[in-house]
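*Asks:* The structure follows.
The values are calculated or read from the model by the stated rules, or taken from the named source; none is laboratory data. These numbers come from a predicted model, not from an experiment. Note that each Cβ is placed from the backbone with ideal geometry, even for glycine, and that neighbours are counted across all protein chains shown.
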Amino acid sequence: MKSLQTSMENNSVIREKNPSAIHISQFDAWYDRYHALKNINIDIPEKQVTAFIGPSGCGKSTLLRWMNRINDSIFKARAEGTLTIHGQDILSTKTDVVALRRRVGIVFQKPNPFPKSIFENIAFGIRMHLNVSKKEVGDIVEWSLYKAGLWDEVKDRLKESALSLSGGQQQRLCIARAMALAPEVLLMDEPCSALDPIATAKIEDLIHQLRERYTVVIVTHNMQQATRVSDYTAFMYLGEMIEFGTSDQMFMSPNDQRTEDYITGKFG
Amino acid sequence: MTKIHTDRMYEAELKHICDRFAAMGKKVEGMIELSTHSFFSNDLEAAYNVIRQDNDVDRDDIEINTLCVNVIARRQPLGPDLRLVMAIQKSVTDLERIADLCVSTAERTIELGQHAPIHFETHLKPMTESVIRMVHDAMTSFETRDITTSHRIHVQDRMVDAYYAQLFRQLLELMREDGKIVSQATRILSIMNNLERMGDHVKNISEKIAYLVTGTFAHHKTKPSQHIRGILFLCVQNSARSQMAEGLARTLLPASMNIFSAGSAPAGKVNPNAVVVMDELGIDISANQPKRITDVPLGKVDMVITLCTEEVCVNLPGIIQKRSWILPDPAAAKEADKHSAFIGIRDVIREKINGLASELAGSE
């Protein structure tokens with residue numbers, strides 16, 4: 001209850017005070033010759049939830065994927081410009097991508113647990129990234145499952161396969177897995193589009209909690225979800241960042257006609 | 001031409017709400033015309049018609065509200081669509097109230113039909129015309145989304161207020177001259193009151209339409225208090241409330257502020273109870289005299305504060321702000337309670353002037 005109150009109070013504070021966690025300027029990206037992102041400039045505030053909305057193919061997932069270099073594995077994907085997270089240049093060839101992905105967690109549309117036990121799904125990354133004792137591994141697993149609101153549901157079946165969980169539970173397991181490594185930023189690409197409304201509500205409740213510790217960036221096609229969970233919203237269209245502002249302003253009185261047409265459902 | 005919604009059913013739903021609202025506005029406009037016509041021409045048939053039409057408007061109110069709630073529940077409108085639904089839902093309430101006021105006018109007209117007429121219509125016609133023009137302008141600005149007329153609506157509303165003040169004084173004079181007309185005059189007063197309140201409702205509607213178009217709410221409560229250099233406190237007799245307010249303001253507000261008090265029917269002297277309770281604070285008002293409004297150098301007044309309901313709301317040129325702090329008359333208390341009644345009112349005034357002092361200081 002206390003944390004709920006805090007998060008509601010956070011909602012009313014002047015948001016401009018949050019410094020930028022992710023700084024993107026004059027950023028362009030291509031897939032081979034296809035120019036997917038054009039001159040993106042945005043500062044994503046720390047410990048807030050920022051939603052990216054826009055029609056399919058507008059580049060919002062591409063931008064998200066560059067934030068933890070998932071795009072590296074895609075053939076002929078390249079980017080130019082500035083993309084820093086807490087001051088660190090993400091695009092540099094010297095960037096340790098494995099260390100980066102510990103700092104910048106990602107959750108995908110389709111839950112992707114490892115085909116291992118529930119416990120092992122979380123413990124695996126902890127052992128790989130953090131130098132901690134066996135007992136501490138257990139503590140962190142419990143803490144993350146607890147924070148993800150999953151502990152009570154799985155505490156008696158930690159040795160069972162993660163694939164035995166429901167879709168919503170699997171998704172919360174993936175969020176717990178990311179949280180176990182104490183990331184700075186949590187990226188979410190359509191995290192609820194495969195879930196039912198109850199599982200969706202649980203994830204959204206979790207997102208409200210996450211903003212106390214992490215900077216959350218969420219890509220969603222569900223406009224109502226963006227209005228529910230985000231402090232800030234960015235609208236992208238045809239590879240461009242059209243408008244960025246507080247969600248209150250973006251969903252009540254956007255400045256750009258294209259944003260207005262999109263949020264009111266006038267696409268033709 | 002702006003784009004339409006991709007979901008054409010949704011487009012049709014929103015348009016239907018707009019059409020219903022516009023039609024309701026037309027209906028209410030007609031009711032104002034008909035109810036005032038019934039009064040001017042003593043046309044009782046028209047008056048009964050107005051009362052019948054009110055059922056229609058009540059039904060519109062419920063049905064449009066239901067349409068709005070349904071579209072919010074099922075479509076979750078955003079941006080200008082949400083503003084449209086909210087603006088209509090709020091404006092419908094104002095339209096419904098205006099229709100109720102038309103009914104009241106019709107009922108007073110029917111009652112007046114049984115009395116000999118009094119000759120008193122000179123300024124009521126232009127007041128009525130102003131109100132009708134306001135409704136028309138407001139509904140047109142809804143259709144065209146052109147809010148440049150909203151300024152005109154505000155001007156018209158101030159004119160309606162001015163007509164009201166003028167008529168009120170005239171009517172008071174008539175009643176003083178001839179006590180037999182009181183029952184007619186109070187009904188005419190009620191009709192004037194109805195018109196004045198209709199003006200306020202139309203102003204509300206025009207503010208909602210401005211919100212629909214611009215996305216920002218009108219600030220109608222506290223206007224910037226800069227440039228206030230003189231304050232006039234008013235109550236009818238200028239013997240207790242406004243005298244205490246003057247004394248307190250002289251002590252609590254900056255010395256550079258010009259402070260006056262007056263009343264439309266000044267008493268012979270300042271109420272002795274007021275002198276006593278002010279003396280308890282070390283403020284001497286014993287030398288003050290009740291004054292007429294015309295005794296005050298009005299050129300130095302920027303703000304008028306009325307302290308009782310009975311005082312006529314005056315329209316003075318050059319006034320930046322008008323406020324009313326409605327306070328009960330301490331002199332009306334029983335003799336044994338009088339002293340504490342005066343202390344109570346004095347302390348309320350002191351608090352309000354302290355609030356005003358920080359407001360004025362904050363705005364500079």
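*Asks:* Can you confirm whether B:Asp19 is within 13 Å of chain A (Cβ to nearest Cβ) and more than 30 Å from B:Arg187 (Cβ to Cβ)?
*Replies:* Numbers: within 13 Å of chain A (Cβ to nearest Cβ): no; more than 30 Å from B:Arg187 (Cβ to Cβ): yes.
So B:Asp19 does not fit the description; no.
*Asks:* Can you report the number of residues in the stretch B:245-280 which are aliphatic (A, V, I, L, M), part of a loop (DSSP other than H, G, I, E, B) and touching a residue at least 12 places away in the same chain (Cβ under 8 Å)? Break it down into steps so the answer makes sense when it comes.
*Replies:* If we filter the stretch B:245-280 for residues that are aliphatic (A, V, I, L, M), which is where we start, we get B:245, B:248-249, B:252-253, B:255, B:257, B:259, B:262, B:265, B:267, B:270, B:274-278.
Checking the rest, the ones that are also part of a loop (DSSP other than H, G, I, E, B) come to B:253, B:255, B:257, B:265, B:267, B:270.
With the extra rule that they be touching a residue at least 12 places away in the same chain (Cβ under 8 Å), the set shrinks to B:253, B:257, B:265, B:267, B:270.
Looking only at that region, the number is 5.
*Asks:* How many residues, within the stretch A:194-240, are aliphatic (A, V, I, L, M) and closer than 23 Å to A:Ser20 by Cα?
*Replies:* So in the stretch A:194-240, the residues aliphatic (A, V, I, L, M) come out as A:194-195, A:198-199, A:201, A:203, A:206-207, A:210, A:216-219, A:223, A:226, A:229, A:234, A:236, A:238.
When the remaining residues are screened for being closer than 23 Å to A:Ser20 by Cα, the result is A:206-207, A:210, A:216-219, A:226, A:229, A:234, A:236.
Here the count works out to 11.
*Asks:* Does A:Leu173 satisfy the criteria of being at pLDDT 95 or above, more than 14 Å from every other protein chain (Cβ to nearest Cβ) and touching a Phe, Trp or Tyr at 6+ places or on another chain (Cβ under 6 Å)? Write out each step before concluding.
*Replies:* Values: at pLDDT 95 or above: yes; more than 14 Å from every other protein chain (Cβ to nearest Cβ): yes; touching a Phe, Trp or Tyr at 6+ places or on another chain (Cβ under 6 Å): no.
So A:Leu173 does not fit the description; no.
*Asks:* Scan the stretch B:311-331 and report the pairs whose first residue is on the phi < 0 side of the Ramachandran plot and whose second residue is among the charged types (D, E, K, R) and at pLDDT 70 or above, with Cβ atoms within less than 6 Å and a gap of 6+ or a chain change.
*Replies:* Partner pairs satisfying both residue conditions: B:Ile320/B:Asp302; B:Trp325/B:Lys352; B:Leu327/B:Arg241.
*Asks:* For residues that are hydrophobic (A, V, I, L, M, F, W, C), surrounded by 13 or more Cβ atoms within 10 Å (Cβ to Cβ) and more than 10 Å from A:Arg177 (Cα to Cα), tally how many sit in the stretch A:120-139. Write out each step before concluding.
*Replies:* Initially, the stretch A:120-139 is screened for residues hydrophobic (A, V, I, L, M, F, W, C), giving A:122-124, A:126, A:128, A:130, A:132, A:137.
Narrowing the set further to residues that are surrounded by 13 or more Cβ atoms within 10 Å (Cβ to Cβ) leaves A:122-124, A:126, A:130, A:132, A:137.
Next, from what is left, pick out any that are more than 10 Å from A:Arg177 (Cα to Cα): A:130, A:132, A:137.
Total satisfying the criteria: 3.
*Asks:* Step by step: first the residues of the stretch A:243-253, then only those that are of a type in the set (Ser, Thr, Tyr) and not in a helix (DSSP H, G or I), then the one that is farthest from the other protein chains (Cβ to nearest Cβ). Which residue is that?
*Replies:* Restricting to residues being of a type in the set (Ser, Thr, Tyr) and not in a helix (DSSP H, G or I), the top hit is A:Thr246.
*Asks:* A further question follows. Looking at the stretch B:130-152 only, could you name the residues that are within 15 Å of the chain's Cα centre (by Cα) and under 18 Å from B:Ile88 (Cα atoms)?
*Replies:* B:Met134
*Asks:* Follow-up. Consider A:Val217 against the criteria (1) in contact with a strand residue (DSSP E or B) (Cβ under 6 Å, 6 or more places away or on another chain); (2) within 14 Å of another protein chain (Cβ to nearest Cβ); (3) not hydroxyl-bearing (Ser, Thr, Tyr): it satisfies all of them except one. Which criterion is unmet?
*Replies:* (2)
*Asks:* Return yes when B:Glu11 is within 14 Å of chain A (Cβ to nearest Cβ), surrounded by 14 or more Cβ atoms within 10 Å (Cβ to Cβ), in a helix (DSSP H, G or I) and in contact with a His (Cβ under 9 Å, 6 or more places away or on another chain) and no when it is not.
*Replies:* Working: within 14 Å of chain A (Cβ to nearest Cβ): yes; surrounded by 14 or more Cβ atoms within 10 Å (Cβ to Cβ): yes; in a helix (DSSP H, G or I): yes; in contact with a His (Cβ under 9 Å, 6 or more places away or on another chain): yes.
In short, yes.
*Asks:* Looking only at the stretch A:254-268, filter to residues that are surrounded by fewer than 19 Cβ atoms within 10 Å (Cβ to Cβ) and in a helix (DSSP H, G or I); which one of those is farthest from the other protein chains (Cβ to nearest Cβ)?
*Replies:* Among residues in the stretch A:254-268 that are surrounded by fewer than 19 Cβ atoms within 10 Å (Cβ to Cβ) and in a helix (DSSP H, G or I), the one farthest from the other protein chains (Cβ to nearest Cβ) is A:Arg258.
*Asks:* Can you spot a residue in the stretch B:281-293 that is among the aliphatic types (A, V, I, L, M), touching an Asp or Glu at 6+ places or on another chain (Cβ under 8 Å) and in a helix (DSSP H, G or I)?
*Replies:* The answer is no; no qualifying residue exists.
*Asks:* Going by the conditions given, is A:Glu212 modelled with pLDDT of 95 or more and surrounded by fewer than 22 Cβ atoms within 10 Å (Cβ to Cβ)? Even if it seems obvious, please write down each step before you answer.
*Replies:* Working: modelled with pLDDT of 95 or more: no; surrounded by fewer than 22 Cβ atoms within 10 Å (Cβ to Cβ): yes.
In short, no.
*Asks:* At least 3 residues that are more than 17 Å from the chain's Cα centre (by Cα) and touching a residue at least 24 places away in the same chain (Cβ under 8 Å) in each: list the helices (runs of 4 or more DSSP H) lying fully within the stretch A:113-207 that qualify. Before you say what the answer is, go through the steps one by one.
*Replies:* Working: elements: A:118-129, A:134-147, A:151-154, A:167-179.
Hits in the stretch A:113-207: A:118-129, A:134-147.
*Asks:* Right, next: From the residues in the stretch A:228-242 that are surrounded by fewer than 20 Cβ atoms within 10 Å (Cβ to Cβ) and in contact with a helix residue (DSSP H, G or I) (Cβ under 9 Å, 6 or more places away or on another chain), which one is nearest to the other protein chains (Cβ to nearest Cβ)? Lay out the reasoning, then the answer.
*Replies:* Quick first cut of the stretch A:228-242, residues surrounded by fewer than 20 Cβ atoms within 10 Å (Cβ to Cβ) only: A:228, A:231, A:238, A:240, A:242.
From what's left, in contact with a helix residue (DSSP H, G or I) (Cβ under 9 Å, 6 or more places away or on another chain): A:228, A:231, A:242.
Details: A:Arg228: 10, A:Asp231: 17, A:Ile242: 14 Å.
Applying the filter and picking the extreme gives A:Arg228.
*Asks:* Quick one: in the stretch A:15-32, of everything that is among the acidic types (Asp, Glu) and exposed (fewer than 15 other Cβ atoms within 10 Å of the Cβ), which residue is modelled with the highest pLDDT?
*Replies:* This residue is A:Asp32.
*Asks:* State yes or no: is A:Thr95 closer than 20 Å to A:Val185 by Cα and assigned to a loop (DSSP other than H, G, I, E, B)? Step through it out loud before you land on a result.
*Replies:* Details: closer than 20 Å to A:Val185 by Cα: yes; assigned to a loop (DSSP other than H, G, I, E, B): yes.
It is true that A:Thr95 is closer than 20 Å to A:Val185 by Cα and assigned to a loop (DSSP other than H, G, I, E, B).
*Asks:* Select from the stretch B:68-118 the residues that are within 14 Å of chain A (Cβ to nearest Cβ) and either within 19 Å of B:Val135 (Cβ to Cβ) or basic (Lys, Arg) (or both) and list them in ascending order. Step through it out loud before you land on a result.
*Replies:* To start, the set of residues in the stretch B:68-118 that are within 14 Å of chain A (Cβ to nearest Cβ) comprises B:71-87.
Across the stretch B:68-118, the qualifying residues are B:Arg74, B:Arg75, B:Arg83, B:Ala87.
*Asks:* B:Lys3 - would you say it is surrounded by fewer than 15 Cβ atoms within 10 Å (Cβ to Cβ) and within 14 Å of chain A (Cβ to nearest Cβ)?
*Replies:* On the way: surrounded by fewer than 15 Cβ atoms within 10 Å (Cβ to Cβ): yes; within 14 Å of chain A (Cβ to nearest Cβ): yes.
For B:Lys3, the condition - surrounded by fewer than 15 Cβ atoms within 10 Å (Cβ to Cβ) and within 14 Å of chain A (Cβ to nearest Cβ) - is met.
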